[in-house]
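Contents: one structure, followed by commentary.
The values are calculated or read from the model by the stated rules, or taken from the named source; none is laboratory data. Since this is a predicted model, take the numbers as computed values, not measurements. Counting neighbours? That spans all protein chains shown, and the Cβs are built from the backbone with ideal geometry, glycine included. Keep in mind that these areas ignore ligands, DNA and RNA; they rest on the heavy atoms of the full protein, side chains included. Shrake-Rupley method; radii C 1.70, N 1.55, O 1.52, S 1.80 Å.
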Amino acid sequence: MVGIRVDIRKRYYRKNDDKKRGIEPAFTLDAKFDAGNELVVLFGRSGCGKTTTLQCIAGLLEPNGGKITVNGKVYFDCHKRINLPVQQRSLGYVFQNYALFPHMDVKKNIAYGLKGLSKDEKRTRVQEMLHLLHIEGLEDNYPAQLSGGQKQRVALARALAPKPDILLLDEPFSALDMVVRMKLREMIRQIQRELNITILFITHNHVEAFTIADKVIIFHNGSVQQTGTPEEVFYHPNNSHVAELVGLSNIFEDAIVHEDKEMHKTLMLKCGDLQVVANKPENKLTKRVSWGIRPENLLILPLQGNCCIQGENLFHAHVKSVVNKGASKVLVLKIAEHRRLLMAEIANHPFEEMEIETGDECLAKIQRNKIVIF
């Protein structure tokens, strides 16, 4: 198979300070996924196992069990006792802090991993990398003379210079400003298309994850929760952990499903004292489900006098707080009759037109076609 296949277990232990003085598990990684020659994002919160997975693939850590293959070559096999050293694995690794050699100029940093080539071959390959990463003219500079974006490009050039089968990127853009990040995201996509290799890319940024990826792998507490295209994961999360990670901050768990024979395309979801009408999903429903809605899909309407509140999924709400996000405002709302909190996100211009402040009352409408059931 072209690409990578991972099926590994890795356990960490901590000493137990009780009288038994034993050892108990502190964290268990159980990662299983495969990918072709595509750009794959490993996504999840800090400590969920993403970096450990990359380090096991790279040979920096040894799993406790399982198997890793890249382009059909076995990197690790617990049963066959195969564990190739780092230098025998055809991969490039870009660390979060770049890890450039400060005493070497750019061209020497890039050439560092080129073994077994003549001087002319090394010089040619370095020039190819300078051109690919658009850093011509910087070859005689030292890392201290480079900007953050330039250092990142040099680190990418060094990783790609030996023509690896797979490229591992551990939060490569986390220290860069937004404009530089956007440029480098597009550059990574172009590199993947041009070189046609597997790229595994770690990020905490869900915007970055869903704009750059061909495939997204969601990690939570050491295990893979869901794998799919950005659209599949974003619009069809398969559990509350994934839903929260992809932006459904309004999540209601253990809702009772009420289906009416006369309601062919809709159903009622009752979660405690709150009930909403939702579109029927394509997949088969159980009697209890979870559901959520993104803050940007929650509509806020002004409260007009003492009019009777009527309408589908329309609720009387109290504005508890307003948070400025720059281009938008996030409102925390308390649903008056149901003791529930909801978050809504509104662009600045429509928010200013509504003239709503903390302490005001309004109407909150949960759009039926925007409800995600999982």
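Annotation for region 110-147 versus region 258-326: alpha-carbon center distance of 57 Å.
Just to be sure I follow the definition: excluding the sites themselves, where is the longest run in the chain that has none of the trypsin sites (Lys or Arg not before Pro) in a DSSP loop with at most 16 other Cβ atoms within 10 Å? Result, exposed sites excluded: 116-260.
Mean separation of Cα pairs under 8 Å and 6 or more residues apart, divided by the residue count, gives region 1-145 a relative contact order of 20 percent. Multiplying the residue separation of Glu38 and Ser174 by 0.36 nm and removing their Cα-Cα distance gives an extension gain of 46.8 nm.
Accessible area per residue for region 102-202, computed on protein heavy atoms with a 1.4 Å probe, is 49 Å². Per the Kirkwood formula applied to alpha carbons, region 294-374 shows a radius of gyration over Rh ratio, Rg over Rh, of 0.94.
On region 311-374, 46 percent of the accessible area sits on carbon and sulfur atoms, based on a 1.4 Å probe. Computed on region 37-96, with alpha-carbon pairs under 8 angstrom and 6+ residues apart, the relative contact order is 22 percent. This model, with +1 at the C-beta of Lys and Arg and -1 at the C-beta of Asp and Glu, gives region 257-345 a dipole about its Cα centre of some 320 debye.
Overall, the anisotropy analysis places region 121-182 in the oblate class: the square-rooted eigenvalues a ≥ b ≥ c of its C-alpha gyration tensor yield a/c not less than 1.5, with a/b not exceeding b/c.
The calculated 222 nm mean residue ellipticity attributable to helices in the chain amounts to -6500 deg cm²/dmol, summing -39500 (n - 2.57) over DSSP H runs of n ≥ 4 and dividing by all residues. Given their separation in residues at 0.36 nm each and the Cα-Cα distance between them, Ala327 and Asn221 gain 34.9 nm when the chain is fully extended. Think of each Lys and Arg Cβ as +1 and each Asp and Glu Cβ as -1; about the Cα centre, that makes the dipole of the chain roughly 1680 debye. Placing dummy labels 7 Å off each Cα toward the beta-carbon, the span from Glu253 to Gln96 is 2.7 nm.
Probe of 1.4 angstrom, ligands and nucleic acids ignored: what's the accessible area per residue over region 22-93, in square angstrom?
With all protein chains present, region 22-93 gives 45 Å² per residue.
Taking all protein chains into account, the per residue accessible area for region 241-374 stands at 58 Å² (1.4 Å probe). Label sites at Ala144 and Leu61, each approximated as a point 7 angstrom past Cα along Cα to Cβ, lie 3.4 nm apart.
Find the relative contact order for the chain and round it to a whole percent, using C-alpha pairs within less than 8 Å whose residues are 6+ positions apart.
15
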